[in-house]
Structure formats: C-alpha cells, structure tokens
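Heads up, the thing below is written out as structure tokens.
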Amino acid sequence: MDMISEISSLFGLNVYTDKGIYVGKVEDVVIDLEKRQIRGLALKEYNKSIIDSNASGVILPYRIVKSVGDIIIVKDVFWVKKSEESNKESEEIKGFEELEQVIEVE
Amino acid sequence: MILAKSLSKKVVLLSDGTVVGRVYNLTVDLRTGLLVDLIVKPQTEIPEIVKDDGLYVIPFDSVKSISDYVVVDRKRLRR
C-alpha cells in the first residue's frame, strides 16, 4: 500500500476487517486540514451489529486502515462513540458520528 | 475538519487574488493518509503551475487556507 492515489478512488469502496467482517461502505473522506492528512473514512452504510451507533453515518479513524485496493481492510477492533467532549470537534460533519477504537481483538 | 466531497468544485485563488480554477480532485498517500497534491481544473493560464493531462497539479504544501475558497500561496508554488 505504498501509493499515491486520487482521494475519489476511495468513494464507494467496501470496508472489511482483517477477520473478514463487513464494516461498511465509504461515503466520503474526512480531511484534517491543519495536519494535511486524512483523518477518517465516513461511512453512511455501516454494519450495526458491530458498530453501536444510531447516527446516520460513522467516521472510522484512518490509522486503523491496513490496506486499500478493490476493498479497504481495517484492523479488527471494537469501536465506541467518541465522548461528547471530544466529539465537539467533528460537529461540523453533519450526520456522522466519530468513533474511536478501544480494544484490539486478537 | 472537512469532507473531501465538500471541496469539489470550490474556486481556487492565488494569494494575489488571481483565479486559478476549480478543485477537481486531491491526491493522497494511502499508506500515511497524507495529502499530496490539489488537482485543479484550469480557468486561467498560470505558467508557474505544473500541468498534467490538462489539469493543474498544486502541491498541498502551498495551500494556505480552505473555507469558501481555496487559497494558494503564489510564492510557494515552485517545488
């Protein structure tokens, strides 16, 4: 995964964990302009049996992405909603709830 | 924080007010997530901007700010 690619190539890709569990589909990509870096993947369609959220979309942190090709593979982890306090930052992204990783499943 | 799709078609200006064009795409390093270049559909001929396949390729380092417009620092355009 050592490649420069157009950001739009991520739109619509399916996301699976490295254990083969379906996570969701990429709707958009969240950019951190200060760090000039991708902050996360915004999923509109997501697997509610592994992500505990009622939001119309969720944001996965980009650091858990392992590889990008025909699909996206992320680390198999549990996710929780970011606390109200730390989630203020992402209020501008309407309809998406930012998740953070708690425990890695081994 | 912004969504990538919200950047699409934003007007790109140089710091001296010159209109460059509209945002067409962004390139990223998928491994690190770092933004590499802003790809812009040209509206004005600006000799110091690198062109590839008819589109301007502007290193993200020279992007000064993004809100209603994308502002590029003219002095930092040369790689």
When a/c is below 1.5 the answer is rounded, else prolate if a/b is larger than b/c, else oblate, so apply that to the protein assembly as shown with a ≥ b ≥ c taken from the square roots of the Cα gyration tensor eigenvalues.
-> prolate
Would you mind computing, in nm to one decimal, how far apart the modelled labels at A:TYR22 and B:ASP68 are, each placed 7 Å from Cα along Cα→Cβ?
-> 4.3
Can you sort A:TYR46, A:TYR22 so the residue with the fewest Cβ neighbours within 10 Å comes first?
-> A:TYR22, A:TYR46
What's the tally of Lys pairs in chain B whose alpha-carbon atoms lie under 14 angstrom apart, where the two lysines are 8 or more places apart or on different chains?
-> 4
Gain in span if fully extended, B:LYS51 to B:SER6, counting 0.36 nm per residue against the direct Cα distance | 13.9 nm
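Every number in this text was worked out from the coordinates using simple rules, so none of it is lab data. None of these values were measured; they are calculated from a predicted model. Note: ideal-geometry Cβ built from the backbone for every residue, glycine included; neighbour counts use all protein chains shown.
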